[in-house]
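Please treat every number below as a calculation from the coordinates, not as lab data. These numbers were taken from a predicted model, which means no experiment stands behind them. Cβ placement follows ideal geometry from the backbone for every residue including glycine, while neighbour counts extend to all protein chains displayed.
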Amino acid sequence: MQIYELSSNLKQHPLIGQWLRFFMAQAEIFPGKVEIGQGIVTAMVQIACEELGLSPDQIEARPASTATSPNESITSGSLSIQECGFAIRHVCTLARSMLIASAKRRYPELWNLHQGKYRLDRGRLYLLDGTELGTYWDEPFASTLSTQSCLTFASEPLHKEGAQQSLARLDFPSKFTGKAAFIQDMRLPDMRFCLVLRGPAQKAQLARVRKALESATALRPEDLLPELLVDGEFASFTCASLLELARYQRLVDQAIARDLLVPSEPLNNHRASNDWLVEAPSERSEVFKKGDFQEVSVALKYRKHSGHSDAVFEASFDKPWLSHASIGLSCAVACYQPGESMQVWTHSQGIFNLRADLFLALGVRCTLNEAQFVVQHVEGAGCYGHNGADDVAFDAARIALSCPGVPVRVQWTRAQELACAPFSPAMRVKVRATLSSDSPLRVRSWTHTVWSNGHSLRPGRAPTPTLLGSSELADGSALPVSINAAPAMGYGAERNAQPLYMFDELLIENYRLTEMPIRSSAFRGLGAIANVFAIESMMDQIARYLKEDPLEFRLRHLEGKEHERARSVLLQVATASAWKDRHTNNEAAACDALLGASVGYGLAFARYKNTGAWCAVVAKVELTERVKVRQIWIAADLGHVVNENGVRNQLEGAAIQSTSIALLECARYAGNARHSPSWEDYPILKFSDVPVIEIVLMDRNDHPSLGAGEPATAPVIAAIANAVASVIGTTIHSLPLTPETIAKAIELS
């Protein structure tokens, strides 16, 4: 039996009753993490079933709320199972231990007679002869947890029927049958429907917004005017029904298209190419250093293209601005009761952080204290990162102040979703690798330099609000510049910048931009996307130059016991994809020839944040007039897997989104005006282009659980890039992998 130190969330919320409650043959669990489509609520219920000996129908997971839930900060970083799952398992294990201890005290002779052998059935404790000793509902469970409480992983769960099985997703039935399941479905009595007016620039120009609305109403003078709210640059109108709102929205859109002109500044080529990143004001930090390094970043800074000698390889790698591009639009509902509360229903990933910023922005206006701002999570558009959910929640709360006692609903438009939500920042990564002189050749030294805006502008982490609407108010403050997460949280732009490979000398440095041309914040994987793309592309480039197999070249840099799990996922994905036979499969080669396609395979590997799950990927691509990803193989080591179906869904979803990012996605703009307001301007992967995905999960039930949401994101992108490089014979240096990008790579090779 292993004993674990309490996690920080349990130290902050040490009472069993803050996580788990029993009543009338039922149990409630209170996760502080939220459901954003990743199946986390199902996993938490399964954990509780396994530890308590209850059936799924006996457990209800309560939606996260600032009024009732433990504060577990943000649902991000693939930490829900590691943090919240750990807490739920720990609390349930302790509750079971307390039930057993109580039975021992009350029935010592019976307990000894049966040598402590028992069974739990639907929360009732029995001896093997059927004698009932008690239930969870007989015990008070309000005690403080001990830092020495035993936590065993469920290698032998009490709930045998669910042991090592995947509990079916609890949220699917209502979604598949069309019941009200999302925040967009919420309807409250006397609800009003609102639209916030924003132009294509980062701030709407109030005079033009007024003109747009006046033009719209002039077109329909017979209609009643909607309720108009103007507060500084923040403008909205409110209607009694969705039908009325839709009619005015259409008229306003027409007026904006005619009167709200896009700034005349042409597309900035330097921003389009990412060269501006190395010229922008920034602050340098040294992330990691091993060995005797001279200052080399200045020499690399202005080098435009890659180059190498027999011993030194240099290259830069670019990632564009990315949009979350949620198919479901951001939505929120709010209701203000003067002197009592401000209630907000939202699909935010961080309800406590959002509450803090709502209070900062609006507390003085409504004379409520922070606790009177009640933020309730309701499922909405799933998102890995900081999308528009927090911003639209502010929009609803601000409008609610002007409609006391009446619930208001705000939903963004498609153009607002693609143009106004925070973006994943553009990045440039420059790598310099030096080879050893011994045989076989290895990478001796590695310099990795990152230029990027910060990757976090989430609410609740700055002295001023970070919500878009708050900066538009008459008394609002300018948005702060985005920051990076602390090392303990896995960094931001620097995430996965430190290769896991064994190099004698290593220098990792980061230049965080101190100006923010476009609002940037968290996106799935954060800086790992660009950093793993750069690392794995360079490893392939060197292997190709040395005429070595990319797999063998990587394994040579992952020796020793500390890299055993890394080597395992690489070998597993190689086996699953028949890596060694990829060039000798005559049947597949003949088929490719008939199709007139060039086919390539690419390999990539990373350990997420260098502290999370290990993931290795092989991608098979077909290159004709464009890139098509045919198949992706993923091998993942996530420690103890709670719900296998959930894990597979997470990895498959990451592979699909990453394929879209690798092939298509790039946000474009001129000046500070976004130019990607529709799916035509910001295309994403179509169902017809989704690759075949095969997943191999390592058997690691004796290890702690690790998150599945983000480990595959960056390796999939890097593997696709390496697969294309294997076809054209040269390294790809920019995303996405469009025909233009590939042609440029060939031209510069």
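For the range 388-475, the equivalent ellipsoid derived from the alpha-carbon gyration tensor has semi-axes of 48, 13, 10 Å in decreasing order.
For Tyr545 and Ser688, what does the FRET efficiency come to when R0 = 35 Å and r is the distance between their Cβ atoms, rounded to the nearest 0.05?
The pair Tyr545/Ser688 has a calculated efficiency of 0.45.
Thinking of the range 386-431 as a set of Cα atoms, what percent of all their pairs are more than 17 Å apart?
Of the Cα pairs, 48 percent sit more than 17 Å apart.
With both labels modelled 7 Å from their Cα along Cα-to-Cβ, the Asn701 to Asp292 distance reads 5.3 nm. Among the helices of the chain, those built from whole DSSP H runs whose Cα atoms reach 15 Å or more along their own axis and whose mean Kyte-Doolittle hydropathy is at least 0.5 are 40-52, 351-366, 389-401, 528-545, 713-728. Calculated FRET efficiency, Glu552 to Phe172, Cβ-Cβ distance, R0 = 45 Å: about 0.55 to the nearest 0.05. Sorted on the mean count of surrounding Cβ atoms within 10 Å across their residues, most packed first, peptides 471-479, 341-349, 401-409, 102-110 read 341-349, 401-409, 471-479, 102-110. One decimal place: the segment Glu505-Ala101 gains 139.9 nm when fully extended, by the rule 0.36 nm per residue minus the C-alpha distance.
Partner aspartates and glutamates whose Cα lies under 18 Å from the Cα of Lys620, excluding those fewer than 8 positions away in the same chain, are identified as Glu536, Asp540, Asp549, Asp581, Glu587, Asp592, Glu652, Asp689, Glu694. Which of the three applies to the range 503-657, rounded, prolate or oblate, going by the alpha-carbon gyration tensor with a ≥ b ≥ c and a/c under 1.5 meaning rounded? Because its axes are fairly even, with a/c under 1.5, the range 503-657 counts as rounded. Ranked by the mean number of other Cβ atoms within 10 Å of their residues, highest first, the peptides 635-646, 380-391, 568-579 fall in the order 380-391, 635-646, 568-579. With R₀ set to 45 Å, the beta-carbon distance separating Ser7 from Ala280 gives a calculated FRET efficiency near 0.70. Each peptide in 91-97, 707-713 was scored by the mean count of other Cβ atoms within 10 Å over its residues; highest first, the order is 707-713, 91-97. With a threshold of 26 Å on the Cα-Cα distance, the over-threshold entries among Lys33/Lys319; Lys290/Lys547; Lys290/Lys561 are Lys33/Lys319; Lys290/Lys547. Taking a Cβ cut-off of under 15 Å around Phe141, the surrounding Lys, Arg, Asp and Glu residues balance to a net charge of -2, with basic ones at +1 and acidic ones at -1. Here each label is just a point 7 Å from Cα along the line to Cβ, and for Lys179 and Glu562 those points are 5.1 nm apart. With both residues required to sit in the chain, DSSP beta bridges show an antiparallel share near 75%.
Its relative contact order, with pairs defined as Cα atoms under 8 Å and 6+ residues apart, puts the chain at 14 percent.
What separates the Cα centres of the range 326-371 and the range 698-745 is a distance of 38 Å.
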